[in-house]
Amino acid sequence: METGLLHLHNLLRWIILVLLIVSIYKSYTGWKGGKPFSAGDKKVWLFTMIVSHITLLLGLYQWLLGRYGIFSYVRPEGISMMKDPYLRFFQMEHPVSMVLAIVMVTLGHGMAKKNVDDNTKYKKAFRYFLLALVLILVAVPWPFRELVARPLLPGM
């Protein structure tokens, strides 16, 4: 079960990245083009938030009870989490960055509900979504990262 949840968590990152890029594009073109806010924009932002929250829940499970989870992994005597780059990444850096990214996605979606002019909605949503994308790209264990590398697709 743990491996399946980890693979699902890994696959959902691609959906989040695609939805974030679409959300950034729609908010940028709406902001610069002076377009009126549409129901389609709201739906894309909502789907981005839903998928990111599902991924967050899977990640929190992995963080707490997964293979290297806080409650399930017993560190060897004398090993500090902060001195071990692998443990520090998966128990501190990755979770904190991703929670901040999900907060940014949620704030971006929250702009759809605000009673402000459309230009302000698009502008603020663009900033929130862009910041979320940067945080996600920095904190994902990409294959080219030496110590914490994960495959692009699970099972590879």
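Read the figures in this text as sums done on the coordinates, not as results from a lab. These figures come from a predicted structure and were not determined experimentally. All Cβ positions, glycine included, derive from the backbone under ideal geometry; neighbour counts span all protein chains shown.
Counting charges near T120 (Lys, Arg +1; Asp, Glu -1) among other residues having Cβ under 12 Å from its Cβ returns a value of +3.
Rg and Dmax of the chain, based on Cα coordinates, read 17.5, 60 Å. The 3J(HN,Hα) values that the Karplus relation (6.51, -1.76, 1.60; θ = phi - 60°) gives for segment 99-111 are, in residue order, 5, 4, 5, 5, 4, 5, 4, 5, 5, x, 5, x, 5 Hz. Gly and Pro appear as x. Gyration tensor analysis over the Cα atoms of segment 71-156 returns equivalent ellipsoid semi-axes of 35, 15, 10 Å (largest first, whole Å). In segment 1-46, the ratio of gyration radius to Kirkwood radius, Rg to Rh, stands at 1.22 when only Cα atoms are counted.
Both numbers refer to the Cα atoms of segment 22-100; Rg and Dmax are 18.8, 60 Å. The aspartates and glutamates whose alpha-carbon is closer than 13 Å to the alpha-carbon of K32, local same-chain residues fewer than 8 away aside, are D118. Counting neighbouring Cβ atoms within 10 Å and putting the fewest first, the residues M111, M1 line up as M1, M111. Per-residue ellipticity at 222 nm, computed for the chain from helices alone with -39500 (n - 2.57) per DSSP H run of at least four residues, works out to -22500 deg cm²/dmol. Within straight-line reach of K114, meaning a Cα separation under 17 Å, sit the following aspartates and glutamates at least 8 residues removed in sequence or on another chain: D41. A DSSP coil position with no more than 13 other Cβ atoms inside 10 Å describes the following trypsin sites (Lys or Arg not before Pro) in segment 1-81: R67. Return P(r) of segment 23-67 (all Cα-Cα pairs; 10 Å bins starting at 0; whole %; ordered from short to long distances). For segment 23-67, the binned pair fractions read 25, 33, 21, 15, 5 percent.
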